[in-house]
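Presented below is the structure to which this report refers.
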Amino acid sequence: MPTERLNGIDLHWEQAGEGPRLLMFNGSGSTIERMRPLMQVLATQFDVVLHDQRGLGRSQIPAGPYSMADYAADAIALVDYLGWDTFNVIGISFGGMVAQEFTVTVPDRVERLALLCTSPGGDGGSSYPLHELRSKSAQERAEISMTIMDTRFTPEWLESHPADQMFVQGISGDFSPASGSEAERGELEQLNARSSHDVWDRLDRITAPTFIGAGRYDGIAPLSNSESMAERIPNAQLHVYEGGHGFFAQDANAFPDILSFLAG
């Protein structure tokens with residue numbers, strides 16, 4: 001579990017598996033520890049590198065504000081350190097935003113790109129403003145979080161759909177850091193950077209074959225945002241699944257499609 005001084009901060013990452021190289025980007029507030037099960041699945045077919053993005057996990061929490069360009073520069077410094085010239089990239093939610101910023105910055109280094117449940121910002125559409133949830137009560141945050149995760153998720157729906165109820169139970173839990181802590185500041189810096197994400201006018205710089213995965217009932221990254229990306233990115237494929245923001249865990253067809261695409 002190495003940590004190295006990269007792009008001016010201490011960056012922590014892990015590497016697992018064998019096969020084609022795959023750089024993975026996590027969603028908002030997610031760390032290696034939280035995403036390890038998914039990383040392990042990917043590592044059955046790929047040489048996967050995943051890092052705790054600045055402000056999160058075991059990576060440094062530098063002074064803010066952070067920009068999306070900072071997140072992309074951290075990842076560029078990491079692959080340079082590893083000696084990776086070209087590789088595949090997968091980004092989930094916020095990680096998909098960073099993956100877009102990363103790829104438009106160094107398009108020649110990305111062989112294949114998978115963007116899941118994410119948004120381009122600008123005229124292409126932005127994801128739900130998660131930074132605004134901080135001002136709401138715990139009960140309000142919980143209720144909103146459920147309905148934006150999947151717009152079908154009312155108490156009545158979940159009562160009659162036990163599989164979805166199990167999904168909600170599986171992702172539920174308070175992972176928020178202690179109020180006033182440095183960890184909380186890191187998460188807030190990430191949310192603030194997320195709120196200004198806009199790569200819309202640069203998406204045509206992406207040259208890699210691109211898989212765009214969207215959940216039909218996603219209230220965080222609406223389907224219309226993925227449709228916009230698919231129209232803007234050359235050589236992009238849009239795949240729509242029966243689920244919400246976690247469609248890849250809800251629709252059994254999603255993950256085999258993603259793995260197949262990344263394997264080429």
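For this structure, a couple of remarks:
- Shape call, the range 113-264: gyration tensor on alpha carbons, a/c limit 1.5: oblate
- Computed helical MRE - 222 nm, the chain, DSSP H runs ≥ 4 contributing -39500 (n - 2.57), nearest 500: -11500 deg cm²/dmol
- Of all DSSP beta bridges in the chain, antiparallel share, percent nearest 5: 30 percent
- Using 0.36 nm per residue and subtracting the Cα-Cα separation, the extra length available between residue 185 and residue 58 on full extension is 44.3 nm.
- Computed extension gain for residue 86 through residue 16, at 0.36 nm per residue and net of the alpha carbon distance, reaches 23.5 nm.
- Fully extending the segment from residue 259 to residue 166, taken as 0.36 nm per residue of separation minus the present Cα-Cα distance, adds 31.0 nm.
- Calculated FRET efficiency for the pair residue 249/residue 192, C-beta based, R₀ 25 Å, to 0.05: 0.35
- The label-point distance for residue 224 and residue 141, in a model that sets each label 7 Å from Cα toward Cβ, rounds to 2.8 nm.
- Prolate/oblate/rounded call for the chain, Cα gyration tensor, a/c under 1.5 rounded: rounded
Coordinate-derived values only; no laboratory data. No experiment lies behind these values; they were computed from the predicted model shown. No Cβ is skipped: glycine too gets one built from the backbone with ideal geometry, and neighbour counts run over all protein chains shown.
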